[in-house]
Ligand SMILES: Cc1cc2nc3c(=O)[nH]c(=O)nc-3n(C[C@H](O)[C@H](O)[C@H](O)COP(=O)(O)OP(=O)(O)OC[C@H]3O[C@@H](n4cnc5c(N)ncnc54)[C@H](O)[C@@H]3O)c2cc1C
């Protein structure tokens, strides 16, 4: 199956990569030359090749997070030349191809940097804070087996489509890495909007937004100051309009709880 | 000799599951919290199981090697999920879905399992809609459907091209809710490296923390594996890079039978390989075949031409020609082999000659570009990113690639393996797809297993067990299993070899693809059975794993997985060699009809082959479970 293509024009680049042996260890940039780069190679495939070279030389390869390599699992997370997921638009790191670069380029590769995403090693960070936010309220409480027929609740196509736009979030954290305050508002807004746009999501709407925002704040994410760097780097082009929606939902929920306390908001919903 | 009792309930096909549910033992609500259940994996199967078992009151511990449950490979499924809702009023029914799935699997699955799958399919859609999964809708607000290969009705539910993502996020939300409530203890970055069997029952696992390297013991009253498929044994596949077979392989080495490993699926519509550095193959969802037309030039001389320069009359829409009633929607195995034959005839396109066209020009003429964009926009975008070509203007080039594994750990009707207390769900088991899985049926099966089957059937086992596996971790079996894991780690790290792990994975992949890929022969398989043990010896002598055991060490992770793939690859070839027939995804060139279709041998091979480990260096034992068809006739599959 692996039949070589007639040769494309190969080129050379230099990778300047953040190396950090462990969470507490100091890190530094190290340069690695890479020759024979094929423009059809993905950026992560170039890292694979560089890593095999390091291994054979007896050095430790660069740790980087990756899995599906098609932009949907949200695992890969490099800041490339200062931009989360690199120079492309609407793509994750794994969807970046070397044809975006030129011979002689120096490519600076760093982990996603944010207080709430501690570095574990080299380019790998801990994004468990996102899971915590989901656990606090990113769901509709419906026990397995308790659901009515799926067509018993029609959902206007426009709402379903808009909900899908928000639900497309892959939880990569680029939004946080791009924000100078390391805010997770776009991530939270996407989930709150997705569920809030569906009729099934209405009963817990207030509780959800309060719990998720509270958990987000506690996890050490910063505030949103409306710079919208987040949506500019989002691999799924999730728009910051959802942040406005989140703010509205949050304000309404706060207002309503003044008069009617929402029980169990912080404890992860009523189940 | 393993005991393989299918435990298929008696009675009419359509009543079996209902009746079984009322007859199996229950654990009363107050007792449930005394039982601990380990669930390994949080793909569709694992997260739905973990969430539902916790909702019922069991104490669940969920382990994933990913950094979050949401990253399981299920997230990548694009096209959709089947269900016998008959919302289109086009004649669908539970029976029809059952029949299509059984036939699609080339009559190599259990009737009763498949029927149950079709029955619960309708509940899955209800459950997911209630969770807020943003399924595609019609203007009236009701759910939309599309059609998929191997079916003549429109029963596939979808969420743009991201159905797996949305279903997984639904299951993940249910799981997260239970984690938040304390019903599930979540262990991320935690790789199961061994299964612990105590007094013949599965009672725990050994886990490596992928960040700190710590090895820990975990006990439970039952162990559920939902660890996905083993397609990366081919190295290049549509699977996520990290998908691996370690959990099922180590369970196999502890006595769980591995069934039908040679049933592997090659998907007809993937982006062709471009070079040796390639790390994965990207799927273009089968749903594209609803509107795309597949063709190659009629004349070899045209193969290298620009497709726009090939006149309509010089194009061979070969699927429409050979399979007029299913056309471009012929099942995957049939379509893949047809593409291979076209390329073998020298009519393959693209620079490598290993490709066929998938053309949307007719659809764009008929529906307009916006409608095509609405349906498939994200797939066209993916195609553009990878190939730098615009598929709205020029046809896509596609080629088959390894995509799914129907084989897996053997389970009975209750989804329990031959090791009592070890349950296997989702792609990791062998149960419902026979020798070939139809599109949009894996998501259905994963969620059926997790939401609607295991919550009942696990109770039947647990009701017979005294709760309280907690005290077991001091037992010799745990110590031995832990030592096993540590010894393997040490062996890797102290090996002063010369080649990185990837070197061996690539070579294994080439052997597998060449000899055990789309078409298999006795001679080829025998050659593979020589080459793989040699590769294995070389791997252990010469693999180089840098770094240490007590940190994040991705080379070490890969080394263990590739070691398992090499062994599994050998078993896969052995299974393919012994199954002297062609069926579904298993195509033996010696056994074909004159028109190139699979020639089954129901008399000799109308059974499940379940391999039993016999120890290092020993030939494994081939057990069989006969497939008794009570209600359907095993007939010749035809899509013409
Ligand atoms: C590109 C692509 C598209 C697809 N599209 C469709 C489609 O449209 N419709 C359809 O029906 N099917 C589709 N499939 C198939 C389907 O996605 C899979 O079969 C299904 O999602 C598998 O789910 P699972 O829960 O069994 O396993 P997975 O989703 O693979 O999950 C495995 C889980 O196990 C964990 N795990 C594995 N090993 C270990 C270990 N040793 N220790 C700890 N944790 C472990 C992982 O962390 C993960 O959580 C597609 C597959 C691919 C590759």
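The values are calculated or read from the model by the stated rules, or taken from the named source; none is laboratory data. Everything numeric in this text was worked out from a predicted model, so none of it was measured. Methodologically, a virtual Cβ is constructed for each residue, glycine included, from the backbone with ideal geometry; neighbour enumeration extends over all protein chains shown.
List of remarks:
- Of all residues in the range A:143-154, those that are in contact (Cβ under 8 Å) with a residue 12 or more places away in the chain and buried (at least 23 other Cβ atoms within 10 Å of the Cβ) total 0.
- Within the range A:61-77, the residues that satisfy the criterion of being over 19 Å from residue A:128 (Cβ atoms) and touching a residue at least 12 places away in the same chain (Cβ under 8 Å) are A:62, A:68, A:69, A:70, A:71, A:72.
- Matching residues in the range B:438-462 - criterion: being part of a loop (DSSP other than H, G, I, E, B) and within 8 Å of the ligand (Cβ to nearest atom): B:439, B:440, B:441
- Of the residues in the range B:264-273, not one is assigned to a helix (DSSP H, G or I) and surrounded by fewer than 24 Cβ atoms within 10 Å (Cβ to Cβ).
- Apart from one condition, residue B:139 fits all of (1) in contact with a helix residue (DSSP H, G or I) (Cβ under 6 Å, 6 or more places away or on another chain); (2) within 11 Å of chain A (Cβ to nearest Cβ); (3) under 29 Å from residue B:331 (Cβ atoms); the exception is (3).
- Top-ranked residue of the range A:176-201 - restricted to ones that are more than 10 Å from chain B (Cβ to nearest Cβ) and surrounded by fewer than 24 Cβ atoms within 10 Å (Cβ to Cβ), ranked as nearest to the chain's Cα centre (by Cα): A:182
- Residues of the range A:129-175 classified as at the interface with chain B (Cβ under 7 Å from one of its Cβ atoms) and in contact with a strand residue (DSSP E or B) (Cβ under 9 Å, 6 or more places away or on another chain), total: 9
- Residue match in the range B:178-189 (condition: surrounded by 21 or more Cβ atoms within 10 Å (Cβ to Cβ), within 8 Å of another protein chain (Cβ to nearest Cβ), touching a helix residue (DSSP H, G or I) at 6+ places or on another chain (Cβ under 8 Å) and assigned to a helix (DSSP H, G or I)): yes
- Total residues in the range A:45-62, condition farther than 20 Å from residue B:493 by Cβ and at the interface with another protein chain (Cβ under 7 Å from one of its Cβ atoms): 3
- Of the residues making up the range B:339-351, one or more are closer than 25 Å to residue B:301 by Cα, crowded, with 21+ Cβ neighbours inside 10 Å and more than 14 Å from every other protein chain (Cβ to nearest Cβ).
- Within the set B:204, B:200, the sole residue that is more than 9 Å from the ligand (Cβ to nearest atom) and more than 25 Å from the chain's Cα centre (by Cα) turns out to be B:200.
- Filter result for residue B:423 (surrounded by 21 or more Cβ atoms within 10 Å (Cβ to Cβ), away from the ligand (no atom under 11 Å from the Cβ), more than 14 Å from every other protein chain (Cβ to nearest Cβ) and part of a helix (DSSP H, G or I)): no
- Members of the range B:255-292 found to be more than 15 Å from the ligand (Cβ to nearest atom) and out of contact with any helix residue (DSSP H, G or I) (no Cβ under 6 Å at 6 or more places or on another chain), listed by number: B:255, B:257, B:259, B:260, B:272, B:273, B:274, B:275, B:276, B:278, B:292
- Only residues that are more than 24 Å from residue B:544 (Cα to Cα) and buried (at least 17 other Cβ atoms within 10 Å of the Cβ) were counted across the range B:478-495, and they come to 2.
- Subset tally (residues that are more than 7 Å from chain A (Cβ to nearest Cβ) and crowded, with 22+ Cβ neighbours inside 10 Å) for the range B:121-134: 4
- Residue in the range B:293-302 that is modelled with pLDDT of 95 or more, in a loop (DSSP other than H, G, I, E, B) and farther than 28 Å from residue B:81 by Cβ present: yes
- Scanning the range B:7-19 for residues that are under 27 Å from residue B:612 (Cβ atoms) and in contact with a helix residue (DSSP H, G or I) (Cβ under 8 Å, 6 or more places away or on another chain) gives B:8, B:9.
- Every residue from the range B:298-334 that is buried (at least 19 other Cβ atoms within 10 Å of the Cβ) and closer than 26 Å to residue B:102 by Cβ: B:319, B:322, B:323, B:326, B:328, B:329, B:330, B:331, B:332, B:333, B:334
- Residue tally, condition away from the ligand (no atom under 14 Å from the Cβ) and within 12 Å of chain A (Cβ to nearest Cβ), over the range B:30-85: 6
- In the set (1) free of Cβ contacts under 8 Å to residues at least 40 places away in the same chain; (2) under 28 Å from residue B:247 (Cα atoms), the condition left unmet by residue B:38 is number (1).
- Meets criteria (over 24 Å from residue B:503 (Cα atoms), outside any strand (DSSP E or B) and within 13 Å of the ligand (Cβ to nearest atom)) for residue B:247: no
- Condition met for residue A:15 (more than 9 Å from chain B (Cβ to nearest Cβ) and outside any loop (DSSP other than H, G, I, E, B)): yes
- If you check B:595, B:602 for being surrounded by 14 or more Cβ atoms within 10 Å (Cβ to Cβ) and more than 22 Å from the chain's Cα centre (by Cα), only one passes: B:602.
- Scanning the range B:18-35 for residues that are in contact (Cβ under 8 Å) with a residue 12 or more places away in the chain and under 25 Å from the mean Cα position of the chain (by Cα) turns up nothing.
- Applying a threshold of 7 Å to beta carbon distances and a minimum spacing of six or more residues, or different chains, the list of pairs starting in the range B:160-172 at a residue that is more than 10 Å from chain A (Cβ to nearest Cβ) and ending at one that is crowded, with 24+ Cβ neighbours inside 10 Å and part of a loop (DSSP other than H, G, I, E, B) reads B:163/B:77; B:163/B:78; B:163/B:79; B:163/B:80; B:167/B:133.
- Beta carbons closer than 9 Å, at least 6 apart along the sequence or on distinct chains, pair a first residue in the range B:68-90 that is over 15 Å from residue B:165 (Cα atoms) and modelled with pLDDT of 95 or more with a second that is part of a helix (DSSP H, G or I) and within 9 Å of the ligand (Cβ to nearest atom) for B:82/B:443; B:82/B:444; B:83/B:444.
- Restricting B:175, B:195 to residues that are in a helix (DSSP H, G or I) and either touching a residue at least 24 places away in the same chain (Cβ under 8 Å) or more than 10 Å from the ligand (Cβ to nearest atom) (or both) narrows the list to B:175.
- Unique match (being touching a strand residue (DSSP E or B) at 6+ places or on another chain (Cβ under 6 Å) and either part of a helix (DSSP H, G or I) or assigned by TED's automatic domain parsing to the domain that holds residue B:499 (or both)) among B:535, B:552, B:572, B:577: B:552
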